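Okay, so here's the structure we're looking at.
Derivation of every value follows stated rules applied to the coordinates shown; laboratory data play no part. In this text the structure is predicted, and so the values were computed from the model without any measurement. Note: ideal-geometry Cβ built from the backbone for every residue, glycine included; neighbour counts use all protein chains shown.
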Amino acid sequence: MPVNKTPILYMIDTSAFQGKTAAYYTLGCKLNFSETSTFGKMLQELGVRTAQKGERADICLINTCSVTEVADKKCRQQIHRMVRENPSAFVVVTGCYAQLEADEVAKIDGVSLVLGSDEKANLIQFLSDAWTGARDGSVSSRESGSAFFRKKTKDIKSFAPSCSRGNRTRYFLKVQDGCDYFCTYCTIPYARGFSRNPTIASLVAQAEEAVSEGGKEIVLTGVNIGDFGKTTGEHFINLVKALDGVEGIRRYRISSLEPDLLSDELISYCAQSRAFMPHFHIPLQSGSDTVLKLMHRHYDRQLFADKIHRIKELMPDAFIGVDVMVGCRGETPECFEETYEFLKALDVTQLHVFPYSERPGTSALNIPYVVSEKDKKLRSKRLLDLSDEKTIAFYQHHIGLEAEVLFEKSTRGRAMHGFTRNYIRVELSPKEADPAMDNQLVNVRLGELTADKQSLKAILL
Ligand code: SF4
């Protein structure tokens, strides 16, 4: 019997799905995790159960990433593994690697269907059609090779809405997809297409739905979130204000914002908002203006420093995470030292360090200066050590203070974890951990660092 379900599902042959099992595997970013989780939810509504560990699935869905060479390799390994472990499953591969290397993926033995980034928005429909076709012989099945659907980058226009609860307490709300920036080292604009977004009204409705399911915290995800509004003529700041008004959502975090799009107006709004947390994640990539130019980034280090100062002026306790790429082409030892010194002097909390990976088709490959793998490792290590110093100092600064923590589910007999408003990870001993505290906001006093230095101990008040 066909079902009618907007905006994505329409005319699905539900009988093909009922009683079946599915296995999922996601590689890459929060956006991918959020999308996979949404696909899982949609399949569940069609009567598909998630396969238990060790149980063979009827459908396998692999949502891939292509951010580095290593990511590509992991995707291939996972596809092979899922095919091997689920010998008669209908195997669907989508995501960035599927978009960029559709022909390669389609050649992998056992893959039934490859869907590019535009097709992803209608994944369940494609799956239904292809699966039904495979059964009646009109569409290729794994015995006769896989079918693949992929549009050119410029034609990727669809938006797959997604708001899903991760493994933890938080919801991930996809507010934007694609990117128009074309930084010289990055393949994401080729894999996900140009910047696009749904309306503010539809996102508010999704946040309200999360409230109805008991959600208290939402992380706004996207590729270049600050660019929100390209499709609808709206502005990111207005989205923030509208979401802030959704009663029941107690906390919002913004997963990442390009520094040039982090406006002073937005910083000021967050400083006095009801539910946007004093927590920022900003990609710097390099603290050398020479390298930033080679990367075609849209700012210089002065602008970045100004944004950090502005945040700290208004929110002295804000947690600021910073992405840094090391060893990209053109990063001489002097450029790296500039980055190191810049970050050392900057009042930020944590560094997310990524070694540069050569990506086919990117213009960074035209830059002649190449950094050896050995130097990339050494540079990563120095920045990671600097990151640890900064995070520990930030945590120590909060010892003895009272804080509100949103606790997350834990296994019985184990410690419970949660986060403060400004993203300090807090640990409650197994003795005091109580399942009733899952997804609850609890006031605690922040104690000393845990032995692994990853959290502060919580003392219940
Ligand atoms: S802003 Fe740059 S690094 Fe980020 S997704 Fe766009 S092109 Fe890639």
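Output the antiparallel fraction of DSSP beta bridges having both residues in the chain, as a percent to the nearest 5.
Values: 23 of 64 bridges.
Of those bridges, close to 35 percent are antiparallel.
Segment E432..L303, full-extension length gain: 41.9 nm, with 0.36 nm per residue of separation and the alpha-carbon distance subtracted.
I need the fraction of alpha carbon pairs in region 366-461 separated by more than 21 Å, rounded to a whole percent. The proportion of pairs with Cα distances above 21 Å equals 43 percent.
With q set to 0.21 Å⁻¹, the log10 of I(q)/I(0) for region 237-378, from the Debye formula over equal scatterers at the Cα positions, is -1.23.
Net charge of the neighbourhood of P259, taken over other residues with C-beta under 10 Å away and scored Lys/Arg +1, Asp/Glu -1, is -1.
Straight-line reach from K73: taking Cα to Cα under 14 Å and skipping same-chain neighbours fewer than 8 places apart, the aspartates and glutamates in range are E101, E104, E358. Among the trypsin sites (Lys or Arg not before Pro) found in region 266-317, those both in a DSSP coil and sparsely packed, with 16 or fewer other Cβ atoms within 10 Å of their Cβ, are R274. Taking amide hydrogens as placed 1.01 Å from N in the peptide plane, the amide H of R421 sits under 5 Å from those of E404, each at least 5 positions away in sequence or on another chain.
Using Cβ point charges alone (K and R +1, D and E -1), the dipole size of the chain about the Cα centre works out to roughly 880 debye.
Measuring against 25 Å, Cα to Cα, the residue pairs K74/K409; K120/K216; K307/K344; K230/K390; K307/K409; K41/K157 contain K74/K409; K120/K216; K230/K390; K307/K409 as the ones spanning a longer distance.
Rounded, prolate or oblate for region 20-135? Axes are the square roots of the Cα gyration tensor eigenvalues, ordered a ≥ b ≥ c, and the cut-off for rounded is a/c under 1.5. Please list the in-between numbers first.
Details: a/c = 1.36, a/b = 1.28, b/c = 1.06.
Verdict is rounded for region 20-135.
In terms of Cα atoms, the Rg and Dmax of region 189-228 work out to 12.5, 37 Å. Going toward the positive end of the dipole of region 21-135, with +1 on Lys and Arg Cβ and -1 on Asp and Glu Cβ, which of Q78, A106, I124 do you reach last? Most positive-ward Cα: Q78.
Kindly give Rg over Rh for the chain, based on alpha-carbon atoms, with the Kirkwood expression for the hydrodynamic radius. Before the final figure, lay out each step's value.
On the way: Rg = 22.8 Å, Rh = 23.6 Å.
Rg/Rh: 0.97.
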